[in-house]
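Rule-based calculations on the coordinates, nothing more; no lab input. Bear in mind that the values here come from a model prediction, so they are computed numbers and not experimental data. Cβ placement follows ideal geometry from the backbone for every residue including glycine, while neighbour counts extend to all protein chains displayed.
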Amino acid sequence: MPEPGQPASPSPHARAPSTPAPPDEPRTAEDWIGAVVMALLAAITFANVVARYFTSESFAWTEELSIALMVAVTMVAGSAAVARDRHIRIETFFLSGSPQRQRRLAILSSLATTAAFLIVFGLGLRLLWDDYRYEVTSPGIGVPQWWYTLWLPVLALLIALRAVQRLVRQVRSENRSGNG
């Protein structure tokens, strides 16, 4: 319990999502991929704004590509959040329990995340196959839609694999603590 007038010490899990990774936290492939995708998204949007300003016309392909890139950056950021255990959860419920309960809830969370993204992976594969089989083309520039759809199952599988990595670490921690 903190002294009156003293701030409570923050939980290690209570970092604001907008804070950068601490220096001891290594950058993951997701960080670099996310940075590249965000740079592409900014460049495409800037090019479209400049084109509209000077010509009063818009590049038709920019919105289509921007939407695909936003989906990709969302999935990549989700993978980074799972890898760092920075996903959304009800902190009050999680932190109010004993360390054993926290470990078990973390394991349950990793299992649920893995299951959810394996389902997204399977459904994404079905969507990818349908786009390929029925030769669906994108509405803006007419390229095969599966070029965009491909990234949904790939990135969902990446998130599921990151969740499995976290699960393995949590189970090992549980076994080391003697509470398994």
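Could you check the range 147-180 and list, in sequence order, the residues that are in contact (Cβ under 8 Å) with a residue 60 or more places away in the chain, closer than 16 Å to Ala106 by Cα and over 13 Å from the mean Cα position of the chain (by Cα)? Correct list: Gln165, Arg166, Leu167, Gln170, Val171, Ser173, Glu174, Ser177, Asn179. The residues in the range 26-64 that are more than 30 Å from Leu161 (Cα to Cα), surrounded by 14 or more Cβ atoms within 10 Å (Cβ to Cβ) and charged (D, E, K, R) can be counted, and the count is 1. How many residues are small (Gly, Ala, Ser) and in contact with a helix residue (DSSP H, G or I) (Cβ under 9 Å, 6 or more places away or on another chain) if we restrict to the range 31-60? So the count comes out to 4.
What are the residues in the range 121-180 that are on the phi > 0 side of the Ramachandran plot and of a type in the set (Gly, Ala, Ser), if any? Selection gives Gly142, Gly178.
With respect to the conditions (1) within 19 Å of Gln170 (Cα to Cα); (2) touching a helix residue (DSSP H, G or I) at 6+ places or on another chain (Cβ under 7 Å); (3) exposed (fewer than 13 other Cβ atoms within 10 Å of the Cβ), Ile88 falls short on a single one, namely (2).
Consider the range 48-73 and keep the residues that are part of a helix (DSSP H, G or I) and of a type in the set (S, T, N, Q). The one that is nearest to the chain's Cα centre (by Cα) is Ser66.
Residues checked against (1) farther than 21 Å from Ile33 by Cα; (2) buried (at least 19 other Cβ atoms within 10 Å of the Cβ); (3) among the β-branched types (Val, Ile, Thr):
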position	(1), (2), (3)
Phe117	no, yes, no
Leu125	yes, no, no
Asp131	yes, yes, no
Glu135	yes, no, no
Ser138	yes, yes, no
Thr149	no, yes, yes
Arg162	no, yes, no
Arg169	yes, no, no
